[in-house]
1. Please provide three numbers in whole Å: the alpha-carbon extents of the range 83-144 along the principal axes, with the largest listed first.
2. Explain nothing, just compute: Karplus ³J(HN,Hα) = 6.51 cos²θ - 1.76 cosθ + 1.60, θ = phi - 60°, for every residue of the range 355-366 in order, whole Hz, x for Gly and Pro.
3. Nearest 0.05, what FRET efficiency do THR358 and GLU140 give at R0 = 60 Å with Cβ-Cβ as r?
4. Straight-line reach only, C-alpha to C-alpha below 20 angstrom: list the aspartates and glutamates that LYS751 could link to, leaving out same-chain residues fewer than 8 apart.
5. I need the calculated FRET efficiency for the pair ILE580 and ALA735, taking r as the beta carbon distance and R₀ as 56 Å, to the nearest 0.05.
6. I'd like the carbon and sulfur percentage of the solvent accessible area for the range 718-770, probe radius 1.4 Å, heavy atoms only, ligands and nucleic acids excluded.
7. Determine the percent antiparallel among the DSSP beta bridges restricted to the range 277-382, to the nearest 5.
8. So what's the gap between the Cα centers of the range 33-57 and the range 413-448, to the nearest angstrom?
Amino acid sequence: MDGRSQELLEFPQIRSRLAALTAFAPSRRLAEAIEPSPEPLAVRRWLDETDEARDLLARRPDLGVGGAHDISTVVLRAKRGGRLSGQELLQVLETLVSAGRLSDALRDERPPQLRELGRSIKALPQLRAKLEGAIDPNGEILDSASPALGGLRRAVRVAYERLRTRLEAIVHGELGSALQEPIITLRNGRYVVPVRADAKGRVKGIVHDQSGSGQTLFIEPLVVVELGNAWREAQLAAQAEEERILDELSGLVAAQADGLDETLAALATFDFWLARGRLAGEMDAIRAETTKGDDVELLSARHPGLTGKVVAIDLRLGTDFRALVITGPNTGGKTVALRTLGLLSLMHQSGLHIPAATGSRLPVFKDVFADIGDEQSIAQSLSTFSGHMRSIVRIVDAAGPGCLVLLDELGAGTDPTEGSALAQALLDHFIAAGALVAATTHYPELKAYAHNEAQAENASVEFDVETLSPTYRLLIGLPGTSQAFNIAMRLGLPETLVDDARSRLGRAQAEFEQTLVSIKETQQTTEAALARAAEAEERARIARHEAEEERRSARRERAAAADTARAEAQRALAQVQAEIGAARELLARASLTEVNLEKSATLLDERLSALAGETAVQEAAAEPAPAPIEVGATVRSRDGWRGTVAEIDHDTATIAAGTMKIKVPLSELELISGRVTELPTETIRPQPHRVIPTSLDLRGARVEEALEQMESYLDSAAVAGAPRLTVIHGHGSGALRDALRNRLSTHPLVKKWRAGERGEGGDGATIVEL
């Protein structure tokens, strides 16, 4: 997309803010290279990424790529056969540790983009384990990095101790008087002592250096030369082993170069997403809805570059008109409105959230062009007008359908008559080309153009004449005035001069300006009335809500009372059922006579009847639920409508009031009168119990006949409440027994069955529990 326009709209500042929120160099490079895209699919995917990153930051603010390094150059050198240092290998290790931690964190994430990104991270556990076993947290090679290294380093320490001990004996013993100072120092990698020049004959050895004055010679005594050689040989052996280990580890890094590059790219991408999420939170931004057409609607939009108390603007374009002409006084916010529209469009198409209110909508423009600011150039002999024209010529050649064109001070810098005519021609051209265009101007001719052209609309920025300060509010549908006369008077210009200036305006111009003032006053009055109406509507809504809450509370109290009554009835019923169970136990033991059983059943029947009467009295005490609303009922709505229900469709009723019919939700209707059919209530009472035999003998019966008799027996036993039965079928061939038991296994009245035990008939009988 057009790079020059991105600079004019200050998109590079957004890149810088985004880059400052990244954690390391690779993601910073991604942020600095972010570009808006004209492809809707790419924009949608980027916005999804920002959504998921912002949600992740809200849930897990501590998650990031901490510890990762830019190892791209390190990996490249390893691929080319170079030897990596311990510090560089430590950077690779710390990057792998960070990658492993992030991979584990993203493995269980549900958002698809994050989950896919987590799968692209290569943990490389073998390389990580090898590095952890060879490099310490300071980047030094561990003794355990190889079987030989520990022993070689111990040999170095032993040789050093021998050398040092012998030198200490020389310094503090036999040659102490020949030394300049009793110290041991290092010259050219060899340990030496400082000998006075006049005493050099007393110390046999190798001279490695002398002081600047020549008074001190640094001599390695001959008696320690062999010890020094042994120490140096041990050092070289250890160094060779360390270099071999570094070469081996560098080769492992080179072998995993592709996986490391992929992991580094995934870490950079993740951190880049997080930076976009942090920027959205920092700006209190939202995801704008992406429209399929050219509709633009910005609600409470704020320019990201403004600080302090920022006045948000509402702006729309493309729905009813394709050109917006913004007028008003200087410093009133006209140019800021253009920049806000252009910059937020570029941010949206870069996958960034925009500082605006929920409900804002933006299309995906094919390109965004802007001519904003003073384009004059002394070096190129360009005036203000020429500079603007050079930029506009470029835009005219490139802008077409699906483009956004932003023009500041259109037609300015030349003769007003010619400039306004040229501006109108340009607006016509961009509308005909299918682009959306927003332009600022002071020309009254363009105000008239926007008023008369069907595809254009006026807009203005507010200015408070009393305080001589802009309010920065953008008013769509109303052209603005420059307020030059009022500002001049407030600043102290004599009234006579201002009146003289007004008299020089043409009559049509003066009437036009006066009409604008009148329209603005009318609009302000209308807005105030609408605000009062909205406030009254809100008060009414709150009152309705409180009344509904009171009704719901009363219903809850009635329901609670009914539940309490039912619970008490259930407890009493449980006691009666316990008595019935006791009677059945007696029956099962065959110790209850028929006379006593009938007497018990009658007593229980009377107690159940009394219990049913108590329950009916308790339920009658509770207020009945509202009767259902049916067709033909007379009802009243919350808003005061009263009429007869003509039709009911799901949750909505049609009310007939005279010749008018209105549809109202059933939940908002109150029944005044109507005939509701009451269903008869039947009291179900237990039937007198019948005595049945505790066993059924089916020996000698055919299978079909036996199954039919057992079915009837089970039904009668269940009605009588018998807990356990015995079915006698004999041994025989087993066919009758198997048929009966198969049926018992699936019978709905049977809890379980078992073969008879000794004394119960054995396998010739089946004991059944109902």
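1. Cα spread of the range 83-144 along its principal axes, largest to smallest: 44, 19, 16 Å.
2. Per-residue couplings from phi come out as x, 7, 8, 4, x, 5, 9, 9, x, 9, 6, 5 Hz.
3. Numbers: r = 55 Å, r/R0 = 0.92.
For THR358 and GLU140, the calculated efficiency is 0.60.
4. GLU585, GLU708, GLU711, ASP715, ASP738, GLU760, ASP763, GLU769
5. Working: r = 39 Å, r/R0 = 0.69.
The formula returns an efficiency of 0.90 here.
6. Values: 1420 of 2890 Å².
Here carbon and sulfur together make up 49 percent of the probe-accessible area.
7. On the way: 7 of 9 bridges.
The antiparallel fraction comes to roughly 80 percent.
8. 35
The values are calculated or read from the model by the stated rules, or taken from the named source; none is laboratory data. All of these numbers come straight from a predicted model, not from anything done at the bench. Ideal geometry is used to build each Cβ from the backbone, glycine not excepted, and the neighbour counts take in all protein chains shown. Side chains included, ligands, DNA and RNA excluded: accessible areas come from the protein's heavy atoms. Shrake-Rupley method; radii C 1.70, N 1.55, O 1.52, S 1.80 Å.
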